[in-house]
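Shown next, in structure tokens, is the structure this report addresses.
The values are calculated or read from the model by the stated rules, or taken from the named source; none is laboratory data. Given the structure is predicted, the values throughout are model-derived calculations rather than measurements. Cβ placement follows ideal geometry from the backbone for every residue including glycine, while neighbour counts extend to all protein chains displayed.
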Amino acid sequence: MNTTKRLQPRKKPAQARSKVTIDAILTASIQVLLRNGLDKFTTTRVAERTGVSVGTLYQYFPNKEALLYALLLKHFEMLAKSFETIPKAPPMTLEILSLRLADAYIAVKMANVDETKALYMVAGSINQSRLTKDIFLRLDTAIIKALESVTDARFEDTQTVSFTLLSALAGLSRSTFARETANKSRNLALN
């Protein structure tokens, strides 16, 4: 079985009840990650936290890795939607675009700080490049379209600028959440 297939959900929720179950599993996954850490993250713990059987969880996610990827994918989809909704009506300067991109990125990251912290645990431990190429294309396309709408700057290679911008945002965000976690750990040790 190839890796990409192993990461795909077994089935897509069709009914409202199934969607609620998926959301509950994803929410419980975040809670288990925050409480137990990645090393002790198991589908059994997630199922218990969700209040469903492990069999029910496996109806949707074939393994722990698929569940972790689903968490990341959901987060990246929220980020893509946020970038796609940035108004591109001219005249838009590079400064205005920069502020809008930063605001959109921060809004997603800060919407649920605990979720973001948990996702950084996951992101550091798995190869994100195996996530669907569609989500990365959506992020890249949204940034490129925004860059092309700027009235006071032009870029020879918008793909490289987009990649650099996304990398810078991710690095800044990652270091901010890592510092916050380190500060909390230090404060707990001092008390």
message = Suppose the filter is among the hydrophobic types (A, V, I, L, M, F, W, C), touching a helix residue (DSSP H, G or I) at 6+ places or on another chain (Cβ under 9 Å) and not in a helix (DSSP H, G or I); does ALA153 pass it?
response = yes
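Okay, residues lined up against (1) without any contact (Cβ under 8 Å) to a residue 40 or more places away in the chain; (2) farther than 24 Å from LEU71 by Cβ; (3) assigned to a helix (DSSP H, G or I):
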position: ILE135; (1), (2), (3): no, no, yes
position: ASP140; (1), (2), (3): yes, no, yes
position: ILE143; (1), (2), (3): no, no, yes
position: ALA146; (1), (2), (3): no, yes, yes
position: VAL161; (1), (2), (3): yes, yes, yes
position: LEU166; (1), (2), (3): yes, no, yes
position: GLY171; (1), (2), (3): yes, no, yes
position: ARG174; (1), (2), (3): no, no, yes
So VAL122, is it crowded, with 18+ Cβ neighbours inside 10 Å, in contact with a helix residue (DSSP H, G or I) (Cβ under 6 Å, 6 or more places away or on another chain) and over 20 Å from ALA102 (Cα atoms) = yes
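Suppose we keep only residues that are among the small types (Gly, Ala, Ser) and either part of a helix (DSSP H, G or I) or over 15 Å from ILE143 (Cα atoms) (or both) within segment 83-104. Which one would you say is farthest from the chain's Cα centre (by Cα)? Even if it seems obvious, please write down each step before you answer.
Applying the first criterion (among the small types (Gly, Ala, Ser)) to segment 83-104 yields 89, 98, 102, 104.
Filter once more, so that each one left must be either part of a helix (DSSP H, G or I) or over 15 Å from ILE143 (Cα atoms) (or both): 98, 102, 104.
Working: SER98: 21, ALA102: 16, ALA104: 13 Å.
Going through the qualifying residues, I end up with SER98.
For (1) of a type in the set (S, T, N, Q); (2) modelled with pLDDT of 90 or more, each residue gets a yes or a no:
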position: THR4; (1), (2): yes, no
position: ALA28; (1), (2): no, yes
position: LEU34; (1), (2): no, yes
position: VAL46; (1), (2): no, yes
position: GLY55; (1), (2): no, yes
position: LEU71; (1), (2): no, yes
position: LYS81; (1), (2): no, yes
position: GLU84; (1), (2): no, yes
position: THR93; (1), (2): yes, yes
message = For segment 123-168, which positions are farther than 15 Å from LEU79 by Cβ and under 16 Å from the mean Cα position of the chain (by Cα)?
response = GLY124, SER125, ILE126, ASN127, SER129, ARG130, LYS133
note = Here the residues within segment 50-63 that are buried (at least 17 other Cβ atoms within 10 Å of the Cβ) and either out of contact with any Lys or Arg (no Cβ under 8 Å at 6 or more places or on another chain) or under 30 Å from ALA146 (Cβ atoms) (or both) are THR50, VAL52, LEU57
Single match in ALA80, ALA107, ALA47, ALA66 (criterion: free of Cβ contacts under 8 Å to residues at least 40 places away in the same chain and either outside any helix (DSSP H, G or I) or surrounded by 15 or more Cβ atoms within 10 Å (Cβ to Cβ) (or both)) = ALA47
